[in-house]
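**Student:** My structure is below; once you've seen it, I'll send some questions.
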Amino acid sequence: MDIKAFSGKSISQIEETADSLSLQNQKKYITCLKCLALVGMAMVAAFLFYDELELSQMIFVYAALMIAGAVIIRISNKNKYHENYINYRLLAEVTRVQSVLDGAGIMKNAAEYFSYTMKNGTAWIRELITNADHSCEKMTADVLKERWIKDQYDYHVNAEKKVSKQLRLNDRISGIVKIAVIVIVVVACVLECIPDVDMRSIIGSITIKGGVLIAVGLLSTISFFLSSYYGKLNLERKRSDHIEMAKLYREVLDNTKDSPLTEAIIENTAREEILENGNWYSYMKENRLTLDF
């Protein structure tokens, strides 16, 4: 990360720049993640063909795929796609909260709300905020509710729907794969029980048994892709986070329907938001790119 790029900028400028850089690096990280999942899937298939069909050339394909995976990881690590994605995102979220505090006239550094275990690792954010230009338009309680509380509530509700859609797709594909494997196994069991059927009989260029093993193996590559790709996205955790944060903002909206948005409520909500971003950063930090065999 180039922290000097934010020197002398206002809080809103830092937020805008960090958001843009985070999105750029996120796209590249997701692309590399998807490519690695596909490479891993192809490796499983290549070794399956090498073993079951005795296609000797497949071992060279397997080796080439290993090299391709290593190159993808090398490019990603060299350009720090993952590191920049989560660090810039964390900075963007903290400065967004800081804009709220500044607009409400609360003279506090939003990075101070991080948990004790996060404070050492986020000292650079605290320093950036301390040295930034905090001049901004003051906002009334009604404006804060609309631009911050209501906006964040809508964001988390919509984000939860999007993540849930991804999870349903993942579950649907996983379910289809499981059913297909069960059907193939049941058919194999039936064939094994028929005296006139020899599982070693050759159909085309492979045996019936080999065909069963290949079919199950190819279906397993789909499960491998889902676990390698969707597993790294932490969809279950993200959905849970969005549900809880939407609940928080809904409660604030309900509690301030007939009463003012006090400084205490603003600070408490800002603290919860910063802590949630810290939690997100903690589990996303573990999702470095790897090539699973």
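The values are calculated or read from the model by the stated rules, or taken from the named source; none is laboratory data. These numbers were taken from a predicted model, which means no experiment stands behind them. For neighbour counting, all protein chains shown are included, and Cβ atoms are generated from backbone atoms with ideal geometry for every residue, glycine included. Side chains are part of the model used for accessible areas, which takes the heavy atoms of the whole protein and leaves out ligands, DNA and RNA. Shrake-Rupley method; radii C 1.70, N 1.55, O 1.52, S 1.80 Å.
**Student:** Scan region 67-81 for residues that are open to solvent by 70 Å² or more (accessible area, probe 1.4 Å) and farther than 28 Å from Ser20 by Cα and report the count.
**Tutor:** 1
**Student:** Taking only pairs six or more apart or across chains, which ones have beta-carbon atoms under 9 Å, a first residue in region 154-178 that is closer than 23 Å to Phe224 by Cβ, and a second residue that is open to solvent by 100 Å² or more (accessible area, probe 1.4 Å)?
**Tutor:** Partner pairs satisfying both residue conditions: Val163/Glu236; Leu167/Glu236.
**Student:** Mind checking which helices (runs of 4 or more DSSP H) fall wholly inside region 56-154 and carry at least 2 residues that are under 25 Å from Leu33 (Cβ atoms) and out of contact with any His (no Cβ under 7 Å at 6 or more places or on another chain)?
**Tutor:** The qualifying helices (runs of 4 or more DSSP H) are 58-79, 81-103.
**Student:** For region 12-29, check the following and say yes or no: at least one residue is part of a helix (DSSP H, G or I) and closer than 16 Å to Leu291 by Cα.
**Tutor:** Within region 12-29, one or more residues are part of a helix (DSSP H, G or I) and closer than 16 Å to Leu291 by Cα.
**Student:** What is the residue count in region 137-183 for residues that are under 18 Å from Glu276 (Cα atoms) and not β-branched (Val, Ile, Thr)?
**Tutor:** Qualifying residue count for the region: 11.
**Student:** So Arg74 clears everything in (1) at pLDDT 95 or above; (2) within 30 Å of Ile206 (Cα to Cα) except one condition, right? Which one?
**Tutor:** Failed condition: (2).
**Student:** From the list Val44, Val61, which one is more than 24 Å from Tyr283 (Cβ to Cβ), under 26 Å from the mean Cα position of the chain (by Cα) and either β-branched (Val, Ile, Thr) or surrounded by 14 or more Cβ atoms within 10 Å (Cβ to Cβ) (or both)?
**Tutor:** After applying the criteria, what remains is Val44.
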